[in-house]
2 protein chains.
Amino acid sequence: MTTTNSTDAPSRPRGRPAAFDREAALQQALLVFWSHGYEGASMAELTAAMNMNKPSIYAAFGNKEELFRHALHAYTARTGSFIGKALEATSARQVVDQLLNAAAAMLTDPSHPQGCMIVQTALACGAACTEIREELTSYRQRMRQALQQRFERAQAEGDLPADAVPADLARYVAAIHQGMSVQASSGASREELQALVHVVLQQWPSR
Amino acid sequence: MTTTNSTDAPSRPRGRPAAFDREAALQQALLVFWSHGYEGASMAELTAAMNMNKPSIYAAFGNKEELFRHALHAYTARTGSFIGKALEATSARQVVDQLLNAAAAMLTDPSHPQGCMIVQTALACGAACTEIREELTSYRQRMRQALQQRFERAQAEGDLPADAVPADLARYVAAIHQGMSVQASSGASREELQALVHVVLQQWPSR
DNA sequence: TTATTTATTTACCGATTGGTAATTAAATAA
DNA sequence: TTATTTAATTACCAATCGGTAAATAAATAA
């Protein structure tokens, strides 16, 4: 049991108070990484966007690689929250509908860079960011596995044809999602992506 | 009419002969850009792979940006040749079949980096490679437009349902192709991608 | 041979990269 | 006040970045 102050009111820490808002600074870092990629984002640009000087950033978040991980965590918690919600829909078809239409909206939202951070920021990179690249790859694989499990459940519930292969359908939907991300980063509009999703849903098995 | 040597036999040029094979050197540069991206590929790594020192590279190909364009041209001419062939297939369904199955094979070919160079090498990057990024984007758009025109022709030939929208189908197939590229670079096997393509073909309209 | 032309080699350039040591500023505790 | 603790600022580091000037090597032309 550590020694704390007598009341439950939070006591101020000892030294000089931080001048930056941690969440706000992280959000700015996120935007820089999102638009320029891991190695395309320089510490100079990050310091400018976060309105912090380098030693403060390193003290608060570690080095560039750890800063990226913090930003990535903020991304999945905030921007990527629609994925978990879509997986809770009541049928496989509704999962795909909600997932891809929410993605069409998010990927083209003008309030942040276009496309998906997890697809864009380190698809190919130099030797210095191999770990980051692999981390993003495992993120994508986890999403695909979550889709596969959801489709397996759907099939067990008679929600998908018996001859459908959940693993293949999951890979298919994941590819659509990733392709939409590429096209969003190339300037595709929300309406264009929604038309794409419409094609997917029209052809979705056994509706 | 310029002055040439008297016979048709090619006369040797005046100065010291180049010690490198231009096409082979370009192929090595292509492999480096393909696996590490435009800004992830350093001139040091390129010189090592091409077995040329920097001044020779600059004399032969221009700067890094122009070298990338030369490599990109070699890529589209060699590796990307299957796209043009697929577009000549006799039906829309066969176009998609040939295009995506050939892509599944190419994207996972162990003799070169996994995935598509045009998707991978500059999706997000720093300010220094904006032009490269836009050039790759326009490559992807040209492929999508070619698909759209092919589907328009298919529809006119009764090869696609009257209510199908060629532009949307083209965007759909392009997204599949791009998503396959992302997954190939993440380690998906040829068989896994072929299973994905099977899902697409099973659901292709009006077969 | 000598002159000319082109390629390769070596050494180097300024700028930028990610990262830090040392100092100064602002808060609390005694 | 004085000591202590933490943050912000300034200045700086070695390494690497893309790119090049100058010198040397290897070919042909005369």
Check your understanding: Of all accessible surface on the protein assembly as shown at a 1.4 Å probe, what whole percent is carbon and sulfur?
Key -> 50 percent
Review point. At A:A44, label 7 Å along Cα→Cβ: distances to the other copies, nm, ascending?
Key: 2.0
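So for segment B:150-207, what percent of the C-alpha to C-alpha distances run longer than 18 Å?
42 percent
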Check your understanding: Any idea what angle helix B:92-107 forms with the longest principal axis of chain B, computed on alpha-carbon atoms, 0 to 90 degrees, nearest 10?
Key -> 40 degrees
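Relative contact order of segment A:60-177: what whole-number percent is it, with Cα pairs under 8 angstrom and at least 6 residues apart? Write down the numbers at each step before the final one.
Working: 72 pairs, mean separation 24.2, N = 118.
Rounded, it is 21 percent for segment A:60-177.
If you take the accessible area of B alone, add that of A alone, and subtract the area of the pair, what total do you get in Å², probe 1.4 Å, to the nearest 100?
Working: alone 11710 and 11700 Å², together 20200 Å².
About 3200 Å² of accessible surface is lost on pairing.
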Exercise for review: Identify unpaired cysteines across chain A, taking unpaired to mean no other cysteine Cβ lies under 4.7 Å from the residue's Cβ.
Suggested key: A:C116
Exercise for review: Would you kindly work out, in nm and rounded to one decimal, the distances from the label point of A:A105 to those of the same position in each other copy, ordered shortest first, with label points 7 Å along Cα-to-Cβ?
Suggested key: 4.3
Point to revise | Span from the segment B:105-153 Cα centroid across to the segment A:7-68 one, whole angstrom | key: 34 Å
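Using 0.36 nm times the number of residues separating B:A44 and B:A19, minus their current alpha carbon distance, what extension gain do you get? Please report the intermediate quantities before stating the final value.
Values: separation 25, 0.36 × 25 = 9.00 nm, distance 1.91 nm.
Contour length minus Cα-Cα distance gives 7.1 nm.
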Check your understanding: Which of the aspartates and glutamates could be linked to B:K64 by a straight reach, that is with a Cα gap under 19 Å, when you skip same-chain ones fewer than 8 residues away?
Key -> A:E39, B:D21, B:E23, B:E39, B:E45, B:E131, B:E134, B:E135
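From Cα pairs below 8 angstrom and at least 6 apart in sequence, can you work out the relative contact order of chain A, rounded to a whole percent? Present the calculation step by step, with values, prior to reporting the outcome.
On the way: 184 pairs, mean separation 44.8, N = 207.
Result for chain A is 22 percent.
Would you work out if segment B:80-202 is rounded, prolate or oblate? Take a ≥ b ≥ c from the square roots of the eigenvalues of the alpha-carbon gyration tensor; rounded if a/c is under 1.5, else prolate when a/b is larger than b/c, oblate otherwise. Before the final figure, lay out each step's value.
Details: a/c = 2.23, a/b = 1.36, b/c = 1.64.
Since a/c reaches 1.5 but b/c is at least a/b, the shape of segment B:80-202 is classed as oblate.
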Check your understanding: Averaged over peptide B:110-121, how many Cβ atoms belonging to another chain are found within 10 Å of each residue's Cβ?
Key -> 2
**Study point:** Where only C-alpha atoms are counted, convex hull volume of segment B:10-139 per residue in Å³
**Key:** 135 Å³
Revision key, fill the gap. GNM on chain B, Cα springs under 10 Å; top mean-square fluctuation among B:E65, B:E23, B:E39 goes to B:E23
Practice item. Work from the charge dipole of chain A (Cβ charges, +1 for Lys and Arg, -1 for Asp and Glu, about the Cα centre) and give the residue of A:A146, A:A29, A:A175 farthest towards its positive end. Key: A:A29
Review point. In square angstrom, rounded to the nearest 10, how much accessible surface does A:K54 have for a 1.4 Å probe?
Key: 110 Å²
Exercise for review: Convert each backbone phi in segment A:32-45 into a coupling constant with the Karplus relation 6.51 cos²θ - 1.76 cosθ + 1.60 (shift: θ = phi - 60°), then list the ³J(HN,Hα) values in order as whole Hz, x for Gly and Pro.
Suggested key: 5, 4, 4, 8, 10, x, 5, 7, x, 8, 8, 4, 4, 5
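Rounded if a/c is under 1.5, else prolate if a/b is larger than b/c, else oblate: which is the protein assembly as shown, with a ≥ b ≥ c the root eigenvalues of its Cα gyration tensor?
Working: a/c = 2.34, a/b = 1.13, b/c = 2.08.
Verdict is oblate for the protein assembly as shown.
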Revision key, fill the gap. Counting only residues 5 or more apart in sequence or on a different chain, those whose built amide H sits under 5 Å from that of A:Q114 are none
Practice item. Mind listing the long-range amide H neighbours of A:E39? Cut-off is under 5 Å, sequence gap 5 or more, other chains count too, H placed in the peptide plane at 1.01 Å from N. Key: none
Review point. Quick one: if the Förster radius is 25 Å, what FRET efficiency do A:R12 and A:R69 give, using the C-beta to C-beta distance and rounding to 0.05?
Key: 0.30
Study note, to complete from the structure: About its Cα centre, segment B:80-202 carries a charge dipole, from +1 on Lys and Arg Cβ atoms and -1 on Asp and Glu Cβ atoms, whose size in debye to the nearest 20 is 120 debye
Exercise for review: Once you have a ≥ b ≥ c as the square roots of the Cα gyration tensor eigenvalues for segment A:22-75, tell me rounded if a/c is under 1.5, and otherwise prolate or oblate according to whether a/b is larger than b/c.
Suggested key: rounded
Exercise for review: Would you mind working out the accessible area per residue for chain A, using a 1.4 Å probe, and quoting it in Å²?
Suggested key: 49 Å²
Check your understanding: Put the label 7 Å from Cα along Cα→Cβ for A:R12; what are its distances to the other copies, in nanometres, shortest first?
Key -> 8.4
Exercise for review: As a check on your grasp of the helix formula, calculate [θ] at 222 nm for chain A: sum -39500 (n - 2.57) over DSSP H runs of n ≥ 4, divide by the residue count, round to the nearest 500.
Suggested key: -20500 deg cm²/dmol
**Study point:** Among B:G187, B:G158, B:G40: highest mean-square fluctuation, GNM of chain B, C-alpha pairs under 10 Å
**Key:** B:G158
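The values are calculated or read from the model by the stated rules, or taken from the named source; none is laboratory data. Note that the coordinates shown come from a computational prediction; the quantities given were computed from them, not determined experimentally. Cβ coordinates were reconstructed from backbone atoms using ideal geometry, including for glycine residues, and neighbour counts include every protein chain displayed. What goes into the accessible areas is simple: the full protein's heavy atoms, side chains included, and nothing from ligands, DNA or RNA. Shrake-Rupley method; radii C 1.70, N 1.55, O 1.52, S 1.80 Å.
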